[in-house]
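See below for the structure under consideration.
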Amino acid sequence: MKVIFDEVQKRHSPSFYLVRGKYREAAEQPARAEMLLKGAKSAGLELVKPEDFGSGPRAAIHEPRFLDFLENVHEQWLALGDVSEEVVGTIRPVHKPAAYPEHVIGRIGWHMMDTSCPLNGDTWVSVAASANTAVTGAAMLLDGASHAYALCRPPGHHAYTGHCGGFCFLNNVAIASQHLRQAHHRVAILDIDVHHGNGTQGIFYNRTDVLTVSIHGDPMDYYPFFYGHAHERGEGSGEGFNFNIPLPVKSRDEVWLRALDRALGTIRTFTPGALVVALGLDAYEKDPLMGGAVTKSGFAQMAEKISELGLPTLLVQEGGYLQDELADNLEAFLTGFLSKRG
């Protein structure tokens, strides 16, 4: 298996992070990528750089004005004068109908769902490279590879077609899944991040060709709070093609593994041609965001079950934050996955 990563992805280095009204060190740091890369190499993966696929794959998922916003807003923000180095929104539309604003402050509020995506002068190159990393992995599967690991940083599964939030700017999983549709009539997404992939759900909520399945901490008690409940099954023709399995916060291995069996049964019934896994490692028992209680062994067992589906599989990195065992957890997952691939 190859690990896809570009050092450019480390250039986005946020300092602003607001937690319960207090300023904290950002949880989504460049050092995450270094630790994850260490874990991938320890599992025996070969490092390759992503190809540049241009704007096409991004534009297949995201709105043109949102892509323009991400690329250019920092320069426009600085031009206001007397501003911070990082773009952070302070006002947001609530009621509809609402008009798309011309002023940069308004557009920041329109496109930024929360304060966890501070945007600096290096953010765009990092998120574009992260998306290219995911598309490169999808292209490998299209070229006949059985599996690949896209070390996407920043992550992506909270990003909608026109909104960023939850550390996520571009939805790497959605972009890769859409790219895989070139060759596969149906693609399944399995999200095992401890946070619900609300952006991914929103992007595909009306579609029948991409199944979205998410196992996550119950949003009644955990971010993103408003989305990820079991009754959310899709809309219109897409009803029945979205499947959420919310778990009690701080659930242990056995709970996650039982939920995974349910999720995999749904995926088998869908009979996809390829699988994209939104790989969060933040359900770990010592993760600083404190949403799960999964052990290193639990991640290995989950990986084995996923691998046994036998589908062409792209692993796309989502969460998993700075703590001493982050690299070990990724190594355990990748080793478990590869153990069932011969």
(message) Let me check the size of the stretch 61-191 from its C-alpha atoms; what are the radius of gyration and Dmax in Å?
(response) 16.2, 52
(message) Could you order the peptides 288-296, 250-258 from most to least packed, using the average number of other C-beta atoms within 10 Å per residue?
(response) 288-296, 250-258
(message) Can you tell me which aspartates and glutamates have their Cα less than 16 Å from the Cα of K250? Leave out same-chain residues fewer than eight positions away.
(response) D193, D218, D221, D282, E285, D287
(message) Can you give me the distance in nm between label points at I91 and D122, each placed 7 Å from the Cα along the Cα-to-Cβ direction?
(response) 3.2
(request) Sticking with the crude label model, points 7 Å out along Cα→Cβ, report the distance from R65 to K38 in nm, one decimal please. (result) 4.5
(request) Rounded to the nearest 500, what is the 222 nm mean residue ellipticity of the chain from helices alone, with -39500 (n - 2.57) per DSSP H run of 4+ residues and division by all residues? (result) -11000 deg cm²/dmol
(message) Could you tell me which residue out of L151, A293, V48 lies farthest along the dipole of the chain toward its positive end? Charges go on the beta carbon: Lys and Arg +1, Asp and Glu -1, centred on the Cα centre.
(response) A293
(request) Please work out whether the stretch 15-56 counts as rounded, prolate or oblate from its C-alpha gyration tensor, where a ≥ b ≥ c are the square roots of the eigenvalues and a/c under 1.5 means rounded, while otherwise a/b larger than b/c means prolate and anything else oblate? (result) oblate
(request) Search the structure for amide H atoms under 5 Å from the amide H of V277, placed 1.01 Å from N in the peptide plane, and list their residues when 5 or more places away or on another chain. (result) L190, L314, L315, V316
(request) Count charges around S126 for me, please; just the other residues with Cβ under 13 Å from its Cβ, Lys/Arg as +1, Asp/Glu as -1. (result) -1
(request) Quick one: net charge around N242, please, counting Lys, Arg +1 and Asp, Glu -1 for every other residue with C-beta under 10 Å from its C-beta. (result) -1
(request) Return the sequence-ordered ³J(HN,Hα) values of the stretch 274-288 in whole Hz as given by the Karplus equation 6.51 cos²θ - 1.76 cosθ + 1.60 applied to θ = phi - 60°, using x for Gly and Pro. (result) 8, 10, 10, 9, 7, 8, x, 10, 8, 7, 4, 4, 10, 5, x
(request) Determine the sum of side-chain charges near H147: Lys and Arg each +1, Asp and Glu each -1, restricted to other residues whose C-beta is under 11 angstrom from that of H147. (result) +3
(request) Restricting things to alpha carbons, find the Rg to Rh ratio for the stretch 5-86 using the Kirkwood radius for Rh. (result) 1.05
(message) To the nearest 20 Debye, how big is the dipole of the chain about its Cα centre, given +1 on the beta carbon of each Lys and Arg and -1 on that of each Asp and Glu?
(response) 600
(request) Return the long-range amide H neighbours of Y284 (sequence gap of 5 or more, or a different chain), with a cut-off of under 5 Å between placed amide H atoms. (result) V294
(request) Could you name the lysines whose alpha carbon sits less than 29 Å from that of K10, not counting residues in the same chain fewer than 8 places away? (result) K2, K22, K38, K41, K49, K286, K296
(message) Suppose a student asked you for the relative contact order of the chain, using Cα pairs under 8 Å spaced at least 6 residues apart; what percent would you report?
(response) 18
(message) With θ taken as phi - 60° and the coefficients 6.51, -1.76 and 1.60, list the Karplus ³J(HN,Hα) couplings across the stretch 246-258 in order, rounded to whole Hz; mark glycine and proline as x.
(response) x, 10, x, 4, 6, 5, 9, 3, 4, 5, 5, 5, 5
(request) Would you mind giving the three semi-axes, in whole Å and largest first, of the ellipsoid equivalent to the chain according to its Cα gyration tensor? (result) 29, 21, 21
(message) I need the peptides 16-22, 274-280 ranked by packing, meaning the mean over residues of other C-beta atoms within 10 angstrom, with the highest value on top.
(response) 274-280, 16-22
(request) Quickly rank 214-220, 307-313 as a protection proxy: mean count of other C-beta atoms within 10 Å, highest first. (result) 214-220, 307-313
(request) Hey, can you grab everything whose amide H is under 5 Å from the amide H of L247? Only 5+ residues off in sequence or another chain; H modelled, so Pro and N-termini drop out. (result) H216, G217, D218
(message) Please list 3J(HN,Hα) in residue order for the stretch 106-115, calculated via the Karplus relation 6.51 cos²θ - 1.76 cosθ + 1.60 where θ = phi - 60°; whole Hz, with x for glycine and proline.
(response) x, 5, 4, x, 5, 8, 9, 6, 8, 9
(request) Please work out whether the stretch 202-342 counts as rounded, prolate or oblate from its C-alpha gyration tensor, where a ≥ b ≥ c are the square roots of the eigenvalues and a/c under 1.5 means rounded, while otherwise a/b larger than b/c means prolate and anything else oblate? (result) oblate
(request) Give a quick list of GluC sites (Glu not before Pro) in the stretch 53-92 that DSSP marks as loop, anything other than H, G, I, E or B, with at most 14 other Cβ atoms within 10 Å. (result) E85
(message) I need the calculated FRET efficiency for the pair R268 and Y100, taking r as the beta carbon distance and R₀ as 41 Å, to the nearest 0.05.
(response) 0.45
(request) Assuming R0 = 30 Å, can you tell me the calculated FRET efficiency for the pair L80 and A31, based on Cβ-Cβ distance, to the nearest 0.05? (result) 0.45
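Only the coordinates and a few stated rules stand behind these numbers; no lab work does. It should be emphasised that the depicted structure is a prediction, and the values quoted were computed from it without experimental measurement. Don't worry about glycine lacking a Cβ; one is built from the backbone with ideal geometry, like all the others, and counts go over all protein chains shown.
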